[in-house]
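Written out below as structure tokens is the structure these notes cover.
The values are calculated or read from the model by the stated rules, or taken from the named source; none is laboratory data. Model, not experiment: these values are computed from the prediction. All Cβ positions, glycine included, derive from the backbone under ideal geometry; neighbour counts span all protein chains shown. Remember, those area values only see protein heavy atoms, side chains included, never the ligands or the DNA or RNA. Shrake-Rupley method; radii C 1.70, N 1.55, O 1.52, S 1.80 Å.
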There are 2 protein chains.
Amino acid sequence: MARTGEPDTTDYMATAGCFCMTSREAARKITRLYDSRMQESGVRITQFTILSQLMLRGEMPIGKLAGLLGMERTTLTRNLAPLEEQKWITVRSGDDPRARLIAITAPGRAAVRRAFPYWSSAQAQVGKLLGSEGQAALKLLGSRNLG
Amino acid sequence: MARTGEPDTTDYMATAGCFCMTSREAARKITRLYDSRMQESGVRITQFTILSQLMLRGEMPIGKLAGLLGMERTTLTRNLAPLEEQKWITVRSGDDPRARLIAITAPGRAAVRRAFPYWSSAQAQVGKLLGSEGQAALKLLGSRNLG
DNA sequence: CCACGATAGGTGTATCTACACTTATTTCAT
DNA sequence: ATGAAATAAGTGTAGATACACCTATCGTGG
């Protein structure tokens, strides 16, 4: 650490290339585009993501779903609350009473079905903005093991 | 819309390739890595991002800073509150009394200076996990105009 | 001068995110 | 059998995100 009076020669310019800033900015912008297109559907993209995963993969415990989404388990717990409120999912205990098994309901499937065209439109719009190179870049990013 | 009884032939499998899901998952994971490394510094990566931008670009109104960060203005307003609480930034009115000019303070600069080595460590860690291809992909993503 | 559109920003509400900590239960070694 | 380690999840707290709506001020055409 520099003592008082010593000049700070640190290259703070490097912070302009922060990977976290870039990834978060992209995620914010993309999320806004999806939510804007999907607004009429009544399903947010974050909720659509959870529901569609449950639809594709079936019932599973919270921890497993959180791992699948690269999300903290406690975050997912909170995100599930509005979905349960809407009756789009059910939460039940299985053989192991510790585990909480999450499943999509019929109304949940209906919500996905209803929101799908809006999602598809947003996906197409963002796909066009990204271009084939941007799409490939994002796909590569998703394939990286980041913990 | 399919009427009751008609089979739903929609390819929900496509949702597994959602650009929004991928970008958000990457941002979450990357953010956790940075915050984990920077925890001892007492500065969160989201706060570090705002402070370093102010440090590099100088005083500016909220709207301009929000645009720079690809963030909703109202989001930034909320994010500035903890920074002002810490006395890391100042908020003042300029010639136009509508505008609120944000500037980093001496303690704010000190916080950036103190957090920089931790940020640098996180940047290196994530850079390694991304690999040169991942870094290039993220950079390309950041260069895309997503609104 | 003044009405009005444009600009800058705050607030209410709701959701998303995650760390630290805690509770409950299972599993396993002895 | 039993106690410790491992596993699964909820809660307190705090911050990040953004839409809808609101207020205040600026600039400009008439």
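Quick notes on this structure:
- Surrounding net charge for B:R24, when Lys and Arg each add one and Asp and Glu each subtract one, Cβ distance under 14 Å: +4
- Sparse-neighbourhood loop sites, GluC sites (Glu not before Pro) in the stretch A:50-102 - DSSP loop, at most 16 other Cβ within 10 angstrom: A:E59, A:E72
- For trypsin sites (Lys or Arg not before Pro), the sites in the stretch B:1-58 that DSSP calls loop and that have at most 14 other Cβ atoms within 10 Å are B:R3.
- Each residue of the stretch A:27-34 is assigned a 3J(HN,Hα), and the resulting list reads 5, 4, 5, 5, 4, 4, 5, 5 Hz, derived from the Karplus form 6.51 cos²θ - 1.76 cosθ + 1.60 (θ = phi - 60°), x at Gly and Pro.
- C-alpha long axis of helix B:73-85 to longest principal axis of chain B, angle in °: 40 degrees
- Phi angles of the stretch A:124-131 translate, via the Karplus equation with coefficients 6.51, -1.76, 1.60 and θ = phi - 60°, into HN-Hα couplings of 5, 4, 5, x, 5, 5, 6, x Hz per residue; Gly and Pro are given as x.
- Taken across both chains, chains B and A shield about 5700 Å² of accessible surface from a 1.4 Å probe.
- Å² per residue, accessible surface of the stretch A:58-147 at 1.4 Å: 55 Å²
- Comparing B:L83, B:L65, B:L130 in a Gaussian network model of chain B where C-alpha atoms under 10 Å apart are linked, the largest mean-square fluctuation is found at B:L130.
- Residue-averaged [θ]222 nm for chain A, counting only DSSP H segments that reach four residues, each worth -39500 (n - 2.57): -21500 deg cm²/dmol
- Apportionment of accessible area to carbon and sulfur, the stretch B:1-108, percent (1.4 Å): 48 percent
- Whole-number percent relative contact order across the stretch B:44-129, with pairs defined as alpha carbons under 8 Å at least 6 apart: 32 percent
- Reachable lysines, given that their alpha-carbon falls under 29 Å from the alpha-carbon of B:K139 and they are not under 8 places away in the same chain: A:K29, A:K128, A:K139, B:K29, B:K64, B:K128
- Whole-Å distance, taken between Cα centres, linking the stretch A:34-96 and the stretch B:1-47: 11 Å
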